[in-house]
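Working notes, structure below.
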Amino acid sequence: MLNTSQDDMNYLELEYEHLYNVRDQTLLFLKMCPKTTGLAEEMLTWLDGKVRMLGERLMQQTE
């Protein structure tokens, strides 16, 4: 059975992968539809920050 720290790590990895994939989909959308209202760019900026933050957390937990 997984302990709490392993569960937390698994959820963190899943969240990181999900946000990374959404970020990639947003990048693709912006390439296909460059004329937008700007909301996609704002979302991309937010996603970039969260992906970076979660990536750093994952690196700290694996050390």
key: Cα-based helix-to-principal-axis angle, 4-32 vs the chain, degrees rounded to 10   = 10
message = For the pair residue 6/residue 46, report the inter-label distance in nm, with labels modelled 7 Å from Cα in the Cβ direction.
response = 3.5
request  = Please build a GNM for the chain, connecting alpha carbons under 10 Å apart, and tell me which residue among 45, 37, 26 fluctuates the most.
outcome  = 37
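Tally Lys and Arg at +1 and Asp and Glu at -1 over the other residues with C-beta under 12 Å from the C-beta of residue 57: what net charge comes out?
Numbers: positive: 50, 52; negative: 8, 13, 15, 56, 63.
Summing Lys and Arg as +1 and Asp and Glu as -1 gives -3.
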request  = Could you work out which residue, out of 43, 53, 32, moves most in a Gaussian network model of the chain, that is, has the largest mean-square fluctuation with Cα springs under 10 Å?
outcome  = 32
query = For all pairs of alpha-carbon atoms in the chain, what percent lies in each bin of width 5 Å, listed from the first bin to the last filled one?
reply = 4, 17, 23, 19, 13, 10, 7, 5, 2, 1
key: Stretchable slack from residue 59 to residue 13, in nm (0.36 nm times residue separation minus alpha-carbon distance)   = 15.5 nm
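Bear in mind that the values in this text are calculations on the coordinates, not laboratory data. None of these values were measured; they are calculated from a predicted model. Neighbour counts run over all protein chains shown; Cβ positions are idealised from the backbone, glycine included.
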